[in-house]
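Each value in this text was obtained by applying a stated rule to the coordinates, not by laboratory testing. In this text, all values refer to a predicted model and were calculated from it rather than measured experimentally. No Cβ is skipped: glycine too gets one built from the backbone with ideal geometry, and neighbour counts run over all protein chains shown.
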Amino acid sequence: MEHTVRHTITIVAIALLGSLFPQLICANPVLRVVERIDSELLFGDVQIGQSAVEQFQLSGLQLQNNVALTITGTDSNCFSVSPKSLEPVAGALNDVTITLTYQPNAEAVQTARLEVVSPKTFPIFIDLKGGGLTPLSVRTEAKTCAIYARDGVVVLHADGGELVEIYDVMGQLLHIFNAVCGENRAEVGKNCVVLIKIRNKISKIVL
């Protein structure tokens, strides 16, 4: 399952004029973040083998050279950015779409950092964070649904209309519902074991 969120970042890069004592159009070169991206992008929980996408718009003024986009950090191999370099036209970038993709390779919280750099501007640093999940496949009658759990929540992907029953190990019914097509969530608590019944098939989940 892949989702896309759009944000906007504006680069305002003010050139340094003069050789010995530069004159500034304003006090300092500025990189300004616009809208609700702040300094962090959260990709949420993503199954291993799937990916999640975030996008933002990048604009620039009075840029003197290319803009480089680089991902660094502990789990940088799980994140990618496209494009990795931008060439301004007459010193400007006009709302260029930047795409970030997260594809986990382990069941863990994974982090990295996006660096957006252009000469004579202050760089932009955006922390990237996602959670990898290992799915458990449970085959029902001619259908397959993915079931996994994290932080006290059971998550399952099923066809719409499937009857889902969740029990504790003592046989007490905790939840019963008809699944919607796609992702379904049910809170069951941490540090417990639950049994999930879909049609006549039962799966055990350890939280």
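Please report, for the Cα atoms of segment 65-115, the Rg to one decimal and the Dmax as a whole number; what are they, in angstrom?
Just the Cα atoms of segment 65-115 yield Rg and Dmax of 13.4, 46 Å.
Can you tell me the FRET efficiency between I48 and R185 if r is taken as the Cβ-Cβ distance and R0 is 22 Å, rounded to the nearest 0.05?
With a Förster radius of 22 Å, E is 0.75.
Assuming 0.36 nm per residue, please report the length gained on full extension of the stretch D159 to S76 beyond their Cα-Cα distance.
Stretched out fully, the D159 to S76 stretch lengthens by 26.5 nm.
Using mean Cβ contacts within 10 Å as the protection proxy, how do 113-121, 156-164 order, highest first?
Those peptides, ordered most packed to least, come out 113-121, 156-164.
With a sphere of radius 11 Å drawn around the Cβ of R113, what net charge do the other residues whose Cβ falls strictly inside it have (Lys, Arg +1; Asp, Glu -1)?
Charge balance near R113 sits at -3.
From the P(r) of segment 70-184, can you give the percent of Cα pairs sitting at distances over 26 Å?
Taking all Cα-Cα pairs of segment 70-184, the fraction more than 26 Å apart is 47 percent.
Quick one: net charge of L173's neighbours, Cβ under 14 Å, K/R +1, D/E -1?
Once positives and negatives cancel, what remains is -1.
Please give the contour-minus-distance gain from A106 to C192: 0.36 nm per residue of separation, less the Cα-Cα distance, rounded to one decimal in nm.
28.7 nm
Which FRET efficiency value, to the nearest 0.05, is calculated for D168 and K120 with the Förster distance at 45 angstrom and r the Cβ-Cβ distance?
The computed FRET efficiency comes out at 0.15.
All other residues with a Cβ under 14 Å from the Cβ of G73 taken together, and with Lys, Arg as +1 and Asp, Glu as -1, what is their net charge?
Residues close to G73 contribute a combined charge of -2.
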